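Student: Here it is: the structure, laid out below.
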Amino acid sequence: MTQRDLLCCELAGVHIAVPLERVIGVTEGGLVTPLPYTAPAFEGLVEVFGQVMPQANLARLLGLESAAGGILIVVSDRGGSVALRVAVVTRMIRVDDDRLGATAPRARAVHALYMAEVEHQGVPHYVLDLDALATSDDLDLSAPDGGVLIPEGRIVPPPEPEQEWLPLLLLEIGGERYAVPNLSIVELNVPDGIRIMPSAPGWILGLIDLRGAPIVAVSTAALLGLPASTGAPPELCLIAELEAGVPVALFVDRAIGLERVSRGMIHPMRQAMAGIGSYFVLRDDEIVGIIDPKLLLSQIAAELRAAVPQRPSAPPEAARAQTAGQYQQLLSVRVGRELYAMTLDRIERIVASVQLTPLPSHIGYFDGLADVGDAVIPVIDLRRQQGLALQPFDTLQTPPCILTMLEGATTGILVDQVLSIVDIPAERFEPVAKAARLPISHVLTFEGRLMSLLTLDRLLPRSSADRNVK
């Protein structure tokens, strides 16, 4: 089964995909020279990658709301090149050709310039038909009398077929520029969030949910020995493989663009650098190191394998299942955007809402007292387990409270929402490695979402003997 790589972008809330084999490169917009008597979508001439080429407003071509600025995707067109201006480049995905062909009629019905539709992470992406775009009346580059405005000699043809070019994704990491070969990347991803793993090494950011599977998130800057970014935390990750079948999310600051570099211009590193085996010179003035993801991850392979959630050979003890095919009943709850599960044998009852009374500030492991009608009990706020991502409940709020037994006493667990009792197959439980200090023991998937199994006893502070154990 053949597959096709697609470069995805966003325009006015619509997700567009461009066949990667037609993409020459991606870069920031530059100075545009307008020309009269041209179609509205044709914005003028622009010099990109040493070539003078037409620049087209892709949003206007598709009848979408247009915005200023943006990114240029340079594609091959009729023996030359065209720069398509888009709002933002979002990711790169790989799809089966069969999936594209089956959706062609539906995509054409939406717009004549769409050749297919593909769904990625629940979001439809429309694949652009570059051949139809090149002949579109909305991209007519001729004057009213038929005279061609753009001399054919001004457009430099694409590289000769016999030259071997390596497509690279340009990245910004720790304020510096790097590149990664496209073939080394399984996909680009912008996850919903990162689940923190407090006991993990500093270069592990936590776990992300990749279509229901927990994937270890790693700081690429930390592995390269670069300082962490002082701005917003990185949101983009490259899905690479530590080894066959073991994906890892490498987080970077941002993707800058695509660059096709002749293999003859790529040079081996004279001195060994962590994860970087070669380099090239960009625009004759900037040396760009080429990251080899497997080489980068090999330096921490042993620790990384220990942190990767492994599918157990037998159903986990927490699930109390002896054979595959058995089910464990769990109570699912929501805390912020995260889902947690609790075993039913530890739950006494659920109180729909409670009023909180604060405790003295020097008591750090309980978050208040709650009157549950027949007793006043201490409560633990699960929002606090999210770190600074969520504000804890205050005395003006009345959250649900789950009454449990901790150390022989009734304790309340505060959550945002009690969802339902779910039946989870035993084989879906995956233990979290080295989770002795975490309040979770396993992760599992339910209806396409990642859920963490709470270990209630770990919500309390460790004893003196436990704290002395390294």
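Student: If you build the convex hull over the alpha carbons only and average its shadow over all orientations, what do you get for region 165-307? Give it in nm² to one decimal.
Tutor: Orientation-averaged projected area of the Cα hull: 8.9 nm².
Student: Classify region 169-253 as rounded, prolate or oblate from the Cα gyration tensor: take a ≥ b ≥ c as the square roots of its eigenvalues, call it rounded if a/c is under 1.5, otherwise prolate when a/b beats b/c and oblate if not. Before the final figure, lay out the partial values.
Tutor: On the way: a/c = 1.57, a/b = 1.09, b/c = 1.43.
Verdict is oblate for region 169-253.
Student: Give, in nm to one decimal, the length gained when the segment between ALA132 and VAL376 is fully stretched (0.36 nm per residue of separation minus the Cα-Cα distance). Walk me through the numbers before you get to the answer.
Tutor: On the way: separation 244, 0.36 × 244 = 87.84 nm, distance 7.09 nm.
Fully extending the segment from ALA132 to VAL376 adds 80.8 nm.
Student: Please give the contour-minus-distance gain from VAL190 to LEU282: 0.36 nm per residue of separation, less the Cα-Cα distance, rounded to one decimal in nm.
Tutor: Working: separation 92, 0.36 × 92 = 33.12 nm, distance 2.68 nm.
Contour length minus Cα-Cα distance gives 30.4 nm.
Student: Which distance in nm do the two modelled labels at ALA274 and TYR327 give, with both placed 7 Å along the Cα-to-Cβ direction?
Tutor: Calculated label separation equals 4.7 nm.
Student: For ASP96 and ARG305, what does the FRET efficiency come to when R0 = 30 Å and r is the distance between their Cβ atoms, rounded to the nearest 0.05? Intermediate results must be reported in sequence, preceding the final value.
Tutor: Working: r = 30 Å, r/R0 = 1.00.
That pair, ASP96 with ARG305, gives E of 0.50.
Values in this text are rule-based calculations from the coordinates and carry no lab data. Remember, it's a predicted structure, so these values are computed and weren't measured experimentally. Reconstructed Cβ throughout: ideal geometry from the backbone, glycine too, with neighbour counts over all protein chains shown.
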